[in-house]
Amino acid sequence: MVATPKKSRVKAIYIFILMALFLCFEMALQVSPGVMTSELRYAFNVDAFGLGLMSSVYFYTYTAMQIPSGLMYDRANFRTLVCFAILVCAVGALIFSQASSLFSGSFARLFMGFGSAFAFLSVLTVADRFFEAKYFAMLAGIAQLLAAVGGMSGALPISWLVHHYGWREAIMGFAVVGITLMLVIWFSLVKPEERRRTVVVTESLWLSLGMILKNKQMWVLGLYVFLNWAPVTAFTSLWGVPFLTTAYDFTRTEAATLCSFMWLGIGLTAPLIGASSDYIGRRNILLIIPGFVGAVAILGVIYLTYLPFWAVAVLMFLMGSGSAGQILTFAVLRDFTESVRVSTAIGINNMAMVASGIIMQPLFGYLIANASNKAGQNLPQLFDFQEILLILPVCYILCSILGKYFVRETHCKPVIA
């Protein structure tokens, strides 16, 4: 392949950084309710359930827009679409900063989720269109790193702003940041030099979806990413803290800190997996190994309840490394997908990942609630807790089986079905 001219490469990196800022902005909006719970409950006069409901509606539009956003990226002007998405996020933040009821707050969160659905996909679309194919897996890993870092640290500036200026002013500030970012992108991407987008899409939406969904590899990769992300949604995001406080007698702060190590493992390992795959010219082996690493690590967390804090932190980091394997599915599906349908395929795959939380969190909640009722207390007995969590190492092992026997090796080259 002809080397990218220096000017075009610098331009591509600049565009990638802008989309990375969009992703970080989206993650900050996503986690914002978690650092202002007391203020929001007082302002809206709602209980914990009402606040949780208002926060969760963000994911309704976020999930629903994954496929439509991919279809639009494959068809619409990239600059216009990204700026529209950021504007919707900013408007949602503006409405939220002025909200006075559960209804208006939930309405604003719907806006935020709608616009945020375009963020992660925008980074991968840039990686696909503006860079050589050999860099895609590494850039996808960097995108995952940015999302993980945003999830871990995005709350810090919001917390500081809330403490010094108030929650409404903090959210208003993010609306201003969003408008500013939108303007920068609008005037920066007047004539973006895309490497891969050379064909105008003329086929219908249904034909695009049909061509993608007819590919069996799409379903295999969707199942892989669903299973690989299950430990994140079911354990780290919801039941990790209750289990760690029950099994290890850690404080809630210590348990929450340990859960952050899983995000750290995801963030640091994902770029390494992507870069390693591109370097060795293999995909499957790096889909297999994370599953085994994650399975061993979570089994250690579940059953070695005598371990000290630092040892559990290492195991949580390795669990994150296991769940970082999902990032490579985006590179594999790119190898199997026509260039004019890549964004749509990425959107479908990302929706499978988000669906993991929608399905696994209620499932684990149901199982834990039943076990708790039998025990006559708020949480189940340790043995029952451990038995329920055994679902997670099974998910990891199934990922390794899928990577070994069902994902077709592409050797990091286009293999269009």
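The values are calculated or read from the model by the stated rules, or taken from the named source; none is laboratory data. All figures in this text were calculated on a predicted structure; none of them were measured in a lab. Using ideal geometry, Cβ is built from the backbone for each residue, glycine included, and neighbour counts are taken over all protein chains shown.
Hey, could you check segment 189-222 for residues that are surrounded by fewer than 17 Cβ atoms within 10 Å (Cβ to Cβ) and assigned to a helix (DSSP H, G or I) and say which is modelled with the lowest pLDDT? So the residue we want is 205.
Any residue in segment 26-42 that is within 15 Å of the chain's Cα centre (by Cα) and of a type in the set (Asp, Glu)?
Residues of segment 26-42 that are within 15 Å of the chain's Cα centre (by Cα), as a first pass: 26-31.
Of the ones still in play, those that are also of a type in the set (Asp, Glu) are 26.
Checked against the condition, which is being within 15 Å of the chain's Cα centre (by Cα) and of a type in the set (Asp, Glu), segment 26-42 yields at least one hit.
Which residue is nearest to residue 215 (Cα to Cα), if the candidates are limited to segment 379-417 and must be among the aromatic types (Phe, Trp, Tyr) and more than 23 Å from the chain's Cα centre (by Cα)? Before you say what the answer is, go through the steps one by one.
Start the filter on segment 379-417 by keeping residues that are among the aromatic types (Phe, Trp, Tyr), which leaves 383, 385, 396, 405-406.
From the residues that got through so far, the ones that are more than 23 Å from the chain's Cα centre (by Cα) too are 383, 385, 405-406.
On the way: 383: 42, 385: 39, 405: 16, 406: 13 Å.
If we take residues in segment 379-417 being among the aromatic types (Phe, Trp, Tyr) and more than 23 Å from the chain's Cα centre (by Cα), then 406 is nearest to residue 215 (Cα to Cα).
Taking (1) surrounded by 13 or more Cβ atoms within 10 Å (Cβ to Cβ); (2) at pLDDT 85 or above; (3) not β-branched (Val, Ile, Thr) in turn, residue 41 satisfies each apart from (2).
Does residue 36 meet the test of being farther than 22 Å from residue 130 by Cα, assigned by TED's automatic domain parsing to the domain that holds residue 120 and aliphatic (A, V, I, L, M)? Even if it seems obvious, please write down each step before you answer.
Values: farther than 22 Å from residue 130 by Cα: yes; assigned by TED's automatic domain parsing to the domain that holds residue 120: yes; aliphatic (A, V, I, L, M): yes.
Yes, satisfied.
Which residue, of 21, 29, 40, is within 27 Å of residue 180 (Cβ to Cβ), touching a Cys at 6+ places or on another chain (Cβ under 7 Å) and in a helix (DSSP H, G or I)?
Numbers: 21 fails: touching a Cys at 6+ places or on another chain (Cβ under 7 Å); 40 fails: touching a Cys at 6+ places or on another chain (Cβ under 7 Å).
Unique residue meeting the criteria: 29.
Restricted to segment 325-401, the set of helices (runs of 4 or more DSSP H) holding at least 3 residues that are touching a Gly at 6+ places or on another chain (Cβ under 6 Å), crowded, with 20+ Cβ neighbours inside 10 Å and not charged (D, E, K, R) comprises 342-375.
Is segment 122-134 home to any residue that is surrounded by fewer than 18 Cβ atoms within 10 Å (Cβ to Cβ) and outside the structural domain of residue 344 (by TED's automatic domain parsing)? Yes. Could you tell me whether segment 50-57 includes any residue that is assigned to a helix (DSSP H, G or I), in contact with a Gly (Cβ under 8 Å, 6 or more places away or on another chain) and modelled with pLDDT of 85 or more? Among the residues of segment 50-57, not one is assigned to a helix (DSSP H, G or I), in contact with a Gly (Cβ under 8 Å, 6 or more places away or on another chain) and modelled with pLDDT of 85 or more, which makes the answer no.
Here residue 46 meets each of (1) among the β-branched types (Val, Ile, Thr); (2) in contact (Cβ under 8 Å) with a residue 60 or more places away in the chain; (3) surrounded by fewer than 22 Cβ atoms within 10 Å (Cβ to Cβ) with one exception, condition (2). Evaluated against (1) closer than 30 Å to residue 348 by Cα; (2) part of a helix (DSSP H, G or I); (3) modelled with pLDDT under 85, residue 91 falls short on exactly one condition, (3).
Of all residues in segment 362-386, those that are under 15 Å from residue 234 (Cβ atoms) and at pLDDT 80 or above have Cβ atoms under 6 Å from Cβ atoms of residues that are charged (D, E, K, R) and buried (at least 17 other Cβ atoms within 10 Å of the Cβ), 6 or more apart or on another chain, in 371/384.
When residue 272 is tested against (1) buried (at least 20 other Cβ atoms within 10 Å of the Cβ); (2) part of a helix (DSSP H, G or I), exactly one condition is not met: (1). So, residue 276, is that one over 23 Å from residue 384 (Cβ atoms), without any contact (Cβ under 8 Å) to a residue 40 or more places away in the chain and of a type in the set (Ser, Thr, Tyr) or not? Yes: the conditions hold for residue 276. Does residue 322 qualify as being buried (at least 22 other Cβ atoms within 10 Å of the Cβ), in contact with a helix residue (DSSP H, G or I) (Cβ under 9 Å, 6 or more places away or on another chain) and farther than 18 Å from residue 396 by Cβ? Spelling it out, it is not the case that residue 322 is buried (at least 22 other Cβ atoms within 10 Å of the Cβ), in contact with a helix residue (DSSP H, G or I) (Cβ under 9 Å, 6 or more places away or on another chain) and farther than 18 Å from residue 396 by Cβ. Does residue 109 meet the test of being in a helix (DSSP H, G or I), within 30 Å of residue 336 (Cβ to Cβ), charged (D, E, K, R) and at pLDDT 85 or above? So residue 109 does not fit the description; no.
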